[in-house]
Amino acid sequence: MSLQVRNLTKEYGQQKAVHNISFELSEGEIVGFLGPNGAGKSTTMKISTGYLPPTEGDVLVGGHSVVERPMHVKQLTGYLPEHNPLYLDLYVHEYLNFIGKLYGIGGTKLTQRVGEIIELCGLANEQNKKIEALSKGYRQRVGLAQALIHDPKVLILDEPTSGLDPNQLVEIRKLIKDISTNKTVIFSTHIMQEVQALCDRVIVINSGNIVADDSLTSILKRGTGNVTVVAEFEGAVNVDDLRLLKGVQSVVAVHASSFRITADAGVDVRPEVFRFAADRNLSLIGLKQEENSLESIFHALTTQQVMHSEN
Amino acid sequence: MLQVLSKEFNSFLNSLIAYVVIGVFLTSMGLLVWVFPDTSVLDYGYADMDTLFSLGPYVFIFLIPAVTMRSFAEEKKAGTLELLMTKPLTDWDIILGKFLASFLLVLVALLPTVVYYFSIYALGNPVGNIDTPGVVGSYIGLLLLSGVFCSVGLVASSITTSQIVAFILAAFFCFILFSGFESVAQLNLWSSQALLIKQLGVLYHYESLSRGLIDSRDVIYFLSVIFIILSISKLILGSRQW
């Protein structure tokens, strides 16, 4: 089921949180929704779930307008709000039963579904605990479980991994990946690696405007265009010799034997470096192309626009 | 609506709230009706339940806001209200669910006092010398009154994220609604309008019901007050949409 955001604008008083954005998720797609804090990610998601009304524009879930048919859209979507609010005084299975009933599931179907979802989200050992007794990672699983209880076609996750430790991060990412088969998923984050781990397409939003909507690979290419290679040799090497290599723009010595080599746009300098080492009988013990660092691209995408809008 | 009702009521039972409310209400009423000489029916000499029905509302002014204060304030603070509102529920489902849960708790607290009726019935001389229609009317009045208090408590809870603020506001407005109008009407300003002002207050209609005559006007008054106050909380919940 598709999710279409059409010319969406949201104003809080004078402040424009979201400015005329449009995008579309086709059925079964997972998309990362990226942006700095306060960019309008949560606002867009809150409108998509029917919690907030748009000032202008509309969101269609499977062709149904969230403005005109909020009940229908709410039935079709699963939502994990930011900070994952939960009823801490309820037991895990009790909570899931309650949420299930809100979606109109009842009787043996509900019992069966709750069992399934507890299994799927890895909560089997925790189901008889109170939510307040759970660790953050498990609470996040409970949050995902409640969003999934009615088997929604569209899943909206607002920062599903914020505040988790690295192990939990991996687990929750894996869980999202597992549950997202045949669902349309949009999740927000401000961590680029997250997008890389979960999906191909990314929508970058900054101060209420979409600044990029593309596959991750082509966004990565957009960076500065230069490729940086880190080469490590066994023993010292003269920096100036490296500078003479074809296509090399600049070389920075990290240690006496380790160098960060920046090449011209579109040039892969690695074979040159390898031949350089071979010719001189040097042992090359490390040669690594730096991902044109995700952070710097994120930074580039989300700061230009701020300057632009301030002008 | 029923799902919200049962969840809310269960959370009363699972926390101490229900037991504290019922315990405090029954203890204080028991002491007032049977033990304290100033108000005790045993010393009073007349077989009626006036003590319960005249002091009960004042106990409710403190107890009901304590029951309702968390209903919205806590959910707003924890963010779970957003969760509820993105489920296929209307605002009315949420409001009525919470309202009925609080009301049900009050009903449960009030139920054991029916024993008082039978005790006084048996203690009367001659036995059974008690104004039964008056008691029935008073019970209906007290229930409707607690409905009003519950709705006031819900509104107070929906305008703030602080339970303490919700409690104080609710207790204050319950008091104003209950006896404020009556007292204002006694000011020497209104002349012929005094009765009208008195009729705006809850006390006038409560007393009218406790005479044992179930006047539809009084019942309609209570139901409309509850409806109007709940509509205010609907308005407040909907204000996120503005």
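Cross-link partners of residue A:136 among aspartates and glutamates, defined as those whose alpha carbon lies under 14 angstrom from its own and excluding same-chain residues fewer than eight positions apart: A:82, A:126, A:159, A:165, A:171. Local charge for residue B:39 was computed over the other residues whose Cβ lies under 13 Å away, with Lys and Arg +1 and Asp and Glu -1, and equals -4.
Rounded to the nearest 10 degrees, the angle from helix B:17-30 to the longest Cα principal axis of chain B is 20 degrees.
Taking packing as the residue-averaged number of other Cβ atoms within 10 angstrom, the listed peptides B:35-45, B:86-96, A:41-51, B:108-118 run from highest to lowest as A:41-51, B:86-96, B:108-118, B:35-45.
Spatially, region A:7-34 and region B:16-38 are offset by 56 Å when compared through their Cα centroids.
Across peptide A:48-54, the average count of Cβ atoms from other chains found within 10 Å of a residue's Cβ is 4. Taking the longest Cα principal axis of chain B as reference, the axis of helix B:132-158 is set at about 30 degrees. Per residue of peptide B:76-83, the mean number of Cβ atoms on other chains within 10 Å of the residue Cβ is 5. The charge dipole of the protein assembly as shown, taken about its Cα centre with unit charges on the Cβ of Lys, Arg, Asp and Glu (plus for the first two, minus for the last two), comes to roughly 440 debye. Under 16 Å of direct C-alpha separation, and excluding same-chain neighbours fewer than eight residues apart, residue A:41 reaches these lysines: A:10, A:16. Most simply put, the protein assembly as shown has about 70% antiparallel DSSP beta bridges, counting only bridges with both residues inside it. Note on region B:96-189: Cα-Cα pairs beyond 18 Å make up 61% of the total pair count.
Of the peptides B:9-20, A:147-158, the ranking by mean beta-carbon count within 10 Å, highest at the top, reads A:147-158, B:9-20. Per residue of B:84-94, other chain Cβ atoms within 10 Å of the residue Cβ number 6 on average. Placing unit charges on the Cβ atoms only, positive for Lys and Arg and negative for Asp and Glu, gives region A:38-173 a dipole magnitude near 200 debye about its Cα centre.
For region A:94-131 versus region A:43-84, the spacing of their alpha-carbon centroids is 24 Å.
Highest mean packing comes first when the peptides B:69-79, A:176-186 are listed by Cβ atoms within 10 Å, giving B:69-79, A:176-186.
Pairs of C-alpha atoms in region A:41-199 farther apart than 22 Å represent 41 percent of all such pairs. Distance from the Cα centre of region B:134-154 to that of region B:92-113, in angstrom? Using only Cα atoms to place each centre, the spacing works out to 11 Å.
Readers should treat all values here as calculations from the given coordinates under stated rules, not as data from a laboratory. These figures come from a predicted structure and were not determined experimentally. Neighbour counts are summed over all protein chains in view; Cβ atoms, including those assigned to glycine, are modelled from backbone coordinates with ideal geometry.
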